[in-house]
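Some notes on the structure that comes next.
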Amino acid sequence: MHWAQKTPDVDDLVEHHRRLVEEHGVSVVHVRGDETGPSLTHTVGLSLRDGQAELVVSGLEMAVSFPLLGLATQQVLSGRRLVAGDQLSDIGPVPVRLEPVSHPERMVVLQAMYAVDGPPIPLLQLVWQDDLGQWPWEVDHEECCRPRYVEQL
């Protein structure tokens, strides 16, 4: 049981974020992690900007993930199109790379808002290096520093 079962009424949550997107152009959804999976924080509304993928980060508390996504979102709002493989070196203390998410349909609120009759809205995960400069998919990456991938969901 992860985010869908923790949400008592997905329709109310969707409506809340729809209003925020109408008012601010983008909203951010945070789902606390538990024994079944890591916390997840993702944007809602970026995909309305000429097909820009939404952004997601996993394994971080809301106090860290909101500002991180906020800085990446500001780049989109300023006209930059973010794509898989982009590396952002100006949004945090370490470089962040954008990786595609294979199963974006698992983001319940996002998909309920925008993908009712179509393919899932694409998502890019913000991934960072460990203290040794290794990416999580590299063999020598420090397990203690590894972000939990949405890919594992």
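The values are calculated or read from the model by the stated rules, or taken from the named source; none is laboratory data. What you see is a predicted model, and the numbers here were worked out from it, not measured in a lab. For neighbour counting, all protein chains shown are included, and Cβ atoms are generated from backbone atoms with ideal geometry for every residue, glycine included.
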Meets criteria (surrounded by fewer than 20 Cβ atoms within 10 Å (Cβ to Cβ), closer than 28 Å to Gln134 by Cβ and modelled with pLDDT under 85) for Gly92 = yes
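One line per residue, one yes/no per condition, for (1) crowded, with 17+ Cβ neighbours inside 10 Å; (2) among the aromatic types (Phe, Trp, Tyr); (3) under 13 Å from the mean Cα position of the chain (by Cα):
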residue: His24; (1), (2), (3): no, no, no
residue: Asp34; (1), (2), (3): no, no, no
residue: Thr41; (1), (2), (3): yes, no, yes
residue: Leu48; (1), (2), (3): no, no, no
residue: Val56; (1), (2), (3): yes, no, yes
residue: Gly70; (1), (2), (3): no, no, yes
residue: Thr73; (1), (2), (3): yes, no, yes
residue: Val76; (1), (2), (3): yes, no, no
residue: Arg81; (1), (2), (3): no, no, no
State which residue pairs qualify: first residue more than 15 Å from Leu124 (Cβ to Cβ) and inside region 47-71, second residue in a helix (DSSP H, G or I) and among the aromatic types (Phe, Trp, Tyr) in any location, beta carbons under 8 Å apart, and separation of 6 or more residues or different chains.
-> Leu48/Tyr114
Go through region 59-68 and count every residue that is surrounded by 13 or more Cβ atoms within 10 Å (Cβ to Cβ) and either more than 20 Å from Ser27 (Cα to Cα) or of a type in the set (A, V, I, L, M, F, W, C) (or both).
-> 5
